[in-house]
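Quick notes on the structure that follows.
The values are calculated or read from the model by the stated rules, or taken from the named source; none is laboratory data. A quick note: this is a predicted structure, and the numbers were derived from the prediction, not measured. The accessibility values were calculated without ligands, DNA or RNA, using every heavy atom of the protein model including side chains. Shrake-Rupley method; radii C 1.70, N 1.55, O 1.52, S 1.80 Å.
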Amino acid sequence: MKPVATSAATHTADTSPMTKSPAALLQGRNLGLQDHGRWLWRGLELAIAAGERVALTGPSGSGKTTLMRTLAGLVPLTEGELVLEQRPLQHWSMPDYRSRIGYLAQRPELGDGDTVQAVLSAPFSYRCHRNQDCPRNLIEQALRQLGRDSDFVQRPVGSLSGGEQQIAALLRLLALQPALLLLDEPTAALDPKTALAVEQLLDAWQRETPGRAWLWSSHDGDQITRMCTRRITLP
């Protein structure tokens with residue numbers, strides 16, 4: 001199978017040369033990833049500027065989830081370079097890098113906490129967050145927006161449905177206040193009412209602090225239209 005070369009600049013509604021912008025929050029330069037001898041993508045150029053709402057689209061099997069995990073620092077590149085806030089990945093400690101980029105998986109891992117509160121509090125024991133406290137007011141406000149009462153944080157992790165696990169993982173990300181969210185089907189396990197509430201919550205999160213951005217993957221075309229202004233499309 002021949003390697004596929006693609007460019008974010010040629011696969012988005014916005015054809016401005018994003019990859020050359022000095023204001024880019026996250027850049028991917030000549031990205032390539034092999035899986036069992038097959039190139040998922042190669043020569044991929046992408047950039048996400050501060051304040052952007054970018055969609056990641058492409059057919060099933062094009063590597064959207066893998067690209068999200070790669071940008072989050074969870075999957076090593078075969079070739080190419082990631083640059084966050086003008087600093088190449090190798091110049092970041094991984095905990096600090098991941099504190100700036102929040103990744104929400106389709107099926108999130110909540111760790112070893114017995115309760116939702118333990119899950120939310122756990123990251124604040126890490127070195128990169130040692131000067132922060134878990135923002136309880138933010139959590140309580142987000143829960144109200146999502147139609148959950150404050151008792152939600154006392155729920156045992158083992159009792160959570162798939163949708164509730166997504167909510168807990170999203171709350172954990174927002175509490176850490178990253179600069180960029182990587183959202184991989186963030187509402188796939190939610191009912192329509194809660195999915196809309198999540199959209200509204202994320203809209204408020206992004207507007208609250210100038211410069212926050214996201215890369216959003218979804219099979220819901222209407223959601224992509226509502227929540228994103230530019231697309232990166234994998235072949």
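Could you order Glu85, Glu208, Glu109 so the one with the most accessible surface comes first? Probe is 1.4 Å. Please list the in-between numbers first.
Details: Glu85 60, Glu208 125, Glu109 150 Å².
Listed by decreasing accessible area, they come as Glu109, Glu208, Glu85.
Quick one: accessible surface of Arg230, probe radius 1.4 Å, all protein chains present, in square angstrom to the nearest 10.
0
Compute the length gained on full extension between Asp114 and Asp35: take 0.36 nm times their separation in residues and subtract their Cα-Cα distance, giving the result in nm to one decimal.
On the way: separation 79, 0.36 × 79 = 28.44 nm, distance 3.54 nm.
Stretched fully, the Asp114-Asp35 segment lengthens by 24.9 nm.
Would you kindly calculate the mean projected area, averaged across all directions, of the convex hull enclosing the Cα atoms of the range 15-129, in square nanometres?
On the way: hull surface 35.6 nm².
If I average the Cα hull's projected area over directions, I get 8.9 nm².
In the full protein assembly as shown, how much of Ser93 is accessible to a 1.4 Å probe, in Å² to the nearest 10?
40
So what is the orientation-averaged projected area of the chain, using the convex hull of its C-alpha atoms, in nm²?
12.7
To the nearest Å, what is the center-to-center distance of the range 63-126 and the range 29-46, using C-alpha atoms only?
One Cα centre to the other: 19 Å.
Could you go through the range 84-94 in sequence order and give the Karplus-derived ³J(HN,Hα) for each residue, using 6.51 cos²θ - 1.76 cosθ + 1.60 with θ = phi - 60°, rounded to whole Hz, and x for Gly and Pro?
Ordered by residue, 3J(HN,Hα) equals 10, 6, 6, 10, x, 3, 5, 9, 9, 6, 4 Hz.
Taking the full set of protein chains and a 1.4 angstrom probe, give the accessible area of Ile232 in square angstrom, rounded to the nearest 10.
Estimated to the nearest 10 Å², Ile232 gives 0 Å².
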